[in-house]
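Let me begin by presenting the structure, written as structure tokens, before commenting on it.
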Amino acid sequence: MVDVIDIGTATSIEEEILTTISNFETRVTNVQVQVEPRPDRNNFDVTVLFDIIGQSLPTQEFSFILEATR
């Protein structure tokens with residue numbers, strides 16, 4: 001994945017996730033991505049928030065940990 005766990009890499013990951021959702025997922029809007037670097041754990045905490053178009057549901061949220069595999 002990445003060698004550097006820092007805010008610069010976190011920003012790049014945020015932008016890539018936003019671009020991917022924008023390009024390939026037309027059923028959502030108001031997408032927000034938060035990526036927190038955790039260098040002490042050698043991973044990133046990622047949270048994605050979004051609204052589903054045409055549904056009167058509250059904003060949806062999911063979180064996951066992004067870590068290197070070797």
Please compute the modelled spin-label separation between residue 16 and residue 36, points set 7 Å along Cα→Cβ, answer in nm with one decimal. 2.1 nm
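Please report, to one decimal in angstroms, the Kirkwood hydrodynamic radius of the chain built from all distinct Cα-Cα pairs.
Details: mean 1/r = 0.0770 Å⁻¹.
Every distinct Cα pair counted, the radius reaches 13.0 Å.
Please identify the GluC sites (Glu not before Pro) of segment 1-32 that satisfy two criteria: DSSP loop assignment and at most 16 other Cβ atoms within 10 Å. Which are they? Walk me through the intermediate numbers first.
Numbers: sites: 14, 15, 16, 25; in loops: 25.
Loop-located and lightly packed - 25.
Taking the Cα centre as origin and putting +1 on Lys and Arg beta-carbons and -1 on Asp and Glu beta-carbons, what dipole magnitude results for the chain, to the nearest 20 debye?
Details: 4 positive and 12 negative charges, 38 e Å.
The calculation lands at about 180 debye.
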Using helices alone, I'd like the mean residue ellipticity at 222 nm for the chain: each DSSP H run of four-plus residues gives -39500 (n - 2.57), total over residue count, nearest 500. -8500 deg cm²/dmol
Quote to one decimal, in nm, the extra length available between residue 55 and residue 27 on full extension: 0.36 nm per residue of separation minus the C-alpha distance between them. 9.1 nm
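All of the numbers you see were taken from the coordinates with simple rules; none came from a lab. In this text, all values refer to a predicted model and were calculated from it rather than measured experimentally. Positions of Cβ are backbone-derived with ideal geometry, glycine not excepted, and every protein chain shown enters the neighbour counts.
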